[in-house]
Structure formats: C-alpha cells, structure tokens
Amino acid sequence: MIDEQTVQLLQQLCGHPLPQSFLRLMAAYPKILKTAGRSDSGSGSEGVVSQVELLDAADSLIEINREARLGMLSDPKGREFCWPEPYLVIGETGDGDYYCLDTSGEQQGVLQFLNQPAEFECVTESLEEFVEMLVLAFTEDDDECLSDEDDEDDEEDLFDEEDDDEGAR
C-alpha cells in the first residue's frame with residue numbers, strides 16, 4: 001500500500017494523476033505476488049515479484065521512478081533518449097527493462113521499456129492482465145492460486161470497478 005504522500009510525489013514526477021486501476025492495485029496488492037519467488041525453483045532466492053516485476057513498496061516506486069528520469073540514455077543509433085514524463089515505472093524485468101503505465105492515458109495497458117533499442121512495447125492490454133500474467137509466470141501451482149478464495153476475491157474487487165484513467169484527487 002502506498003500513502004498519500006507517495007501518490008503526490010509520483011504524480012509530480014509524472015505530471016499527471018495516477019490511474020485509478022494502479023491505486024486500487026496498490027491498496028489491495030495480491031498476496032500471491034508478495035510471496036511468489038522469482039527463481040526457476042520458485043524459492044525466492046532471487047527475490048519475490050513484489051520486489052522486482054510489480055513493486056509494492058512506496059520507497060521502491062519512488063526510487064525507480066527517480067532513477068528512470070535521472071539522465072539521458074543513448075539508443076543504438078546514438079540518439080539521446082529521455083524518459084517520457086507521464087510514464088510511471090511500476091517494476092522491472094531484472095534485466096534492465098522497466099514495466100510502466102502511461103499516466104496521460106495516451107498509451108493503454110502495461111508497457112515494457114526495452115533499454116536496447118530504447119523503445120516501448122505493449123506487454124498487456126491492461127493492468128489486470130499484467131497481474132494475471134505475473135501470477136501465471138511466477139507461481140508453481142496455478143490451480144492452487146485460483147482456488148484460494150481470499151486471493152480470488154481480492155483480485156475481483158481490485159478490478160471489478162470500471163477502469164477509468166482518472167487519477168486520485
């Protein structure tokens with residue numbers, strides 16, 4: 001869960017209100033992703049999903065968004081690339097690529113920033129699909145995950161409201 005101060009700081013960095021779907025996700029972060037290990041064995045020896053792919057800690061979200069905006073990168077053709085202000089980094093791949101949302105609403109879904117060749121591609125059409133993708137990718141027993149009524153209810157509550165891209169006020 002992120003507090004109001006964090007929301008305000010992230011909104012300042014992005015220049016736009018944060019999407020309601022993101023705020024709902026942070027308020028009811030899926031328990032399964034807090035413990036889902038990132039290693040091939042699922043042991044967590046390489047951390048857990050909430051520490052890398054979909055950050056759940058306020059300080060981590062602030063740090064990674066500041067980091068993305070620090071300086072310019074060069075693309076493979078030598079052109080300078082600056083992080084687009086409205087793009088909110090929500091996690092990373094572990095290989096130097098970021099997952100992000102466009103807080104301006106121009107680009108829908110979850111985008112992945114590919115540091116080589118310094119471009120963005122759509123990974124999923126929605127934040128809900130992104131969460132589902134992470135659950136499938138990082139949990140060993142998908143049936144167990146789906147049968148946990150508490151997590152299933154949390155996920156339904158998280159995305160049952162119409163996903164408007166209006167930010168927090």
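Nothing in this text is a laboratory measurement; each read-out follows from the coordinates by a stated rule. All values reported here derive from a predicted model rather than from experimental measurement. Here the Cβ positions follow ideal geometry from the backbone for every residue, glycine too, while neighbour counts run over all protein chains shown.
Quick one: plug the Kirkwood hydrodynamic radius of the range 1-131 (C-alpha pairs) into Stokes-Einstein at 10 °C, 1.306 mPa s, and report D in µm²/s.
105
Testing the spin-label approximation: label points 7 Å from Cα along Cα→Cβ at Q107 and D59. State their distance in nm.
Taking the two extended label points, one gets 2.9 nm.
Can you list the GluC sites (Glu not before Pro) in the range 52-110 that are in a DSSP coil and have 16 or fewer other beta carbons within 10 angstrom?
Of the GluC sites (Glu not before Pro), the ones in loops of the range 52-110 whose Cβ has at most 16 other Cβ atoms within 10 Å are E106.
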